[in-house]
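Trainee: Here it is, the structure, as structure tokens.
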Amino acid sequence: GRPVWFAFSPPESELDAALAAHTQALRRAHRLLLILAPRDARRGGALAARAIEMGFACARRTTDDDIAETTQIYIADAEDEPGLFLRLAPVSYLGGSLTPDAGTPGPVPAAALGSALVFGPHGGAGNCAFLEQLHRLGGGRRIAAPDEMGEAICALLSPETGAEAALKAWTLATEGS
């Protein structure tokens, strides 16, 4: 019953942007949970320390921490497949899309699992056409800079807006199946 969003494979250079976006989004949804799967799962401990230093209540997958009602960030640092988290989160940020040449995970599986996407201008090889269509159809939000992430997350967490965007993303992703 809690609102959830997923930061899907952000590189180290985008972790602070994801944490800042969560801070902004928490102002509108105080029970909001961020599931953060860093690109380098070995950095989970350092990421948790940074988040705790910023005042967040954290739990980590590799240490089998429970997600309590007060947990604000769940660090998915076990190198699992992201499918579970993409199903849980109606909104996902496509990591690497704000950093040139960082590469991104494939957006089609995320959209096919029902997540509306937030993404930057750098979709990575092979993803740009899908992301452009997704943006044009309203199945996701393209942002130009890290400081726009929080507002895009908040907009898509609105039940009406997010459900419509997720449906459009799902339709586009499964159209060719």
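Trainee: Name all residues of segment 97-138 having a backbone nitrogen under 15 Å from the label point set 7 Å from the Cα of Glu12 along its Cα→Cβ direction, giving them as ranges.
Mentor: Residues passing the 15 Å test: 102.
Trainee: Relative to the longest principal axis of the chain, what angle (0 to 90°, nearest 10) does the C-alpha long axis of helix 15-26 take?
Mentor: 90
Trainee: Give the residues of segment 70-113 whose amide nitrogen is closer than 17 Å to a point set 7 Å from the Cα of Gln24 in the direction of its Cβ.
Mentor: From segment 70-113, the list is 91-99.
Trainee: Protein chains only, probe 1.4 Å: how do Trp5, Trp170 rank by accessible area, largest first?
Mentor: On the way: Trp5 0, Trp170 115 Å².
I get Trp170, Trp5, largest accessible area first.
Trainee: Counting only trypsin sites (Lys or Arg not before Pro) that are in a DSSP loop and have at most 15 other C-beta atoms within 10 Å, tell me the longest site-free stretch of the chain.
Mentor: Here the longest segment lacking exposed loop sites spans 32-177.
Trainee: Still on this model: For segment 28-177, place one equal point scatterer on every Cα, skip the solvent, and apply the Debye formula. What is log10 of I(q)/I(0) at q = 0.14, 0.16, 0.17 Å⁻¹?
Mentor: Per q value, in the given order, log10 I(q)/I(0) is -0.68, -0.89, -1.01.
Trainee: Please give the contour-minus-distance gain from Glu69 to Cys128: 0.36 nm per residue of separation, less the Cα-Cα distance, rounded to one decimal in nm.
Mentor: Extra length from Glu69 to Cys128 when fully extended: 17.5 nm.
Trainee: Please compute one quarter of the surface area of the Cα convex hull for segment 99-177 and express it in square nanometres.
Mentor: Details: hull surface 19.2 nm².
Projected over every direction and averaged, the Cα hull of segment 99-177 covers 4.8 nm².
Trainee: Let me ask you something else. At 1.4 Å probe size, put Met54, Met149 in order of accessible surface, largest to smallest.
Mentor: Result of the area sort, largest leading: Met54, Met149.
Trainee: Hey, if we sort Ser92, Ser9 by accessible area with the 1.4 Å probe, largest down, what's the order? Can you show the working numbers first?
Mentor: On the way: Ser92 0, Ser9 25 Å².
From most accessible down to least: Ser9, Ser92.
Trainee: Taking all protein chains as present, what is the carbon and sulfur share of the accessible area of segment 1-155, in % to the nearest whole number, probe 1.4 Å?
Mentor: Working: 3620 of 6960 Å².
Ligands and nucleic acids excluded, carbon and sulfur reach 52 percent.
Trainee: Can you give me the accessible area per residue for segment 24-173, using a 1.4 Å probe, in Å²?
Mentor: Values: 7200 Å² over 150 residues.
Counting only protein heavy atoms, the per-residue value for segment 24-173 is 48 Å².
The values are calculated or read from the model by the stated rules, or taken from the named source; none is laboratory data. On a predicted model such as this, the values are computed, not experimentally measured, just so you know. Heads up, the Cβs are rebuilt from the backbone with ideal geometry, glycines too, and the neighbour counts pull from every protein chain shown. Surface accessibility is based on the protein's heavy atoms, side chains included, excluding ligands, DNA and RNA. Shrake-Rupley method; radii C 1.70, N 1.55, O 1.52, S 1.80 Å.
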